[in-house]
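Working notes, structure below.
Just so it is clear, none of the values below were taken in a lab; they were calculated from the coordinates. All figures in this text were calculated on a predicted structure; none of them were measured in a lab. Methodologically, a virtual Cβ is constructed for each residue, glycine included, from the backbone with ideal geometry; neighbour enumeration extends over all protein chains shown.
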Amino acid sequence: MILVIGGDPAGRDVTLLEKRALSGQCVHDGCMLICGLNDVARAITNIEFLRTAGAIAGDVSVRYPYVMRNLEKILARLSQIL
Ligand SMILES: Cc1cc2nc3c(=O)[nH]c(=O)nc-3n(C[C@H](O)[C@H](O)[C@H](O)COP(=O)(O)OP(=O)(O)OC[C@H]3O[C@@H](n4cnc5c(N)ncnc54)[C@H](O)[C@@H]3O)c2cc1C
């Protein structure tokens, strides 16, 4: 973080250069994306456990393109908020 002390002409103008999109790697393709994918993986593991135990019938599969599309929407919203 950069803190500018003083609102005089010298301190008033702050220029931010960003070559891609605000919010950095963590939001766009790092921690947040991995957290979302982890949630899906954890849910599938739990469902598979219940299926093996006989509590759930049928096969379960991940709709990966759908998951990625939705995660990208959420990350774009997060980036706007940040
Ligand atoms: C898959 C993955 C998972 C991760 N998971 C975690 C986690 O769980 N916990 C954790 O703490 N960390 C995690 N990280 C690491 C975390 O994403 C980074 O440590 C963090 O994003 C670094 O922040 P930063 O602001 O230093 O750099 P960045 O987030 O990389 O931001 C640098 C910014 O500068 C811009 N930039 C670069 N060069 C220029 C240029 N020449 N001109 C203009 N703009 C430029 C880039 O576009 C970018 O927006 C993960 C990383 C990855 C890849």
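Per-residue 3J(HN,Hα) values for the stretch 10-20, derived from phi via the Karplus relation 6.51 cos²θ - 1.76 cosθ + 1.60 with θ = phi - 60°, read 5, x, 7, 8, 10, 10, 10, 10, 9, 7, 10 Hz in sequence order (x marks Gly and Pro).
For the chain, which GluC sites (Glu not before Pro) are both in a DSSP coil and crowded by at most 15 other Cβ atoms within 10 Å? Please report the intermediate quantities before stating the final value.
Numbers: sites: Glu18, Glu48, Glu72; in loops: Glu18.
The qualifying sites are Glu18.
Computed extension length for Ile34-Met68: 11.1 nm, one decimal, from 0.36 nm per residue of separation with the Cα-Cα distance subtracted.
For the chain, applying the loop criterion from DSSP together with a ceiling of 12 other beta carbons within 10 Å to the trypsin sites (Lys or Arg not before Pro) yields Lys19, Arg20, Arg63. Derived scalar couplings between HN and Hα for the stretch 42-54 equal 5, 4, 5, 4, 5, 5, 4, 4, 5, 5, 4, 6, x Hz in order, rounded to whole Hz, by the Karplus curve 6.51 cos²θ - 1.76 cosθ + 1.60 (θ = phi - 60°), x for Gly and Pro.
Starting from the Cα gyration tensor of the chain, take the square roots of the eigenvalues, sort them a ≥ b ≥ c, and report rounded, prolate or oblate (rounded when a/c is under 1.5, otherwise prolate if a/b is larger than b/c, else oblate).
Details: a/c = 5.48, a/b = 3.64, b/c = 1.50.
Prolate, since a/c reaches 1.5 and a/b exceeds b/c.
Of Ala53, Ala10, His28, which is farthest towards the positive pole of the chain's charge dipole, taken about the Cα centre with +1 and -1 on the beta-carbons of Lys, Arg and Asp, Glu respectively? The Cα lying farthest towards the positive end belongs to Ala53.
With an 8 Å cut-off on Cα pairs and a minimum separation of 6 or more residues, tell me the relative contact order of the chain in percent. If you can, show how the numbers build up before the last one.
Working: 31 pairs, mean separation 27.2, N = 82.
The normalised contact order for the chain reaches 33 percent.
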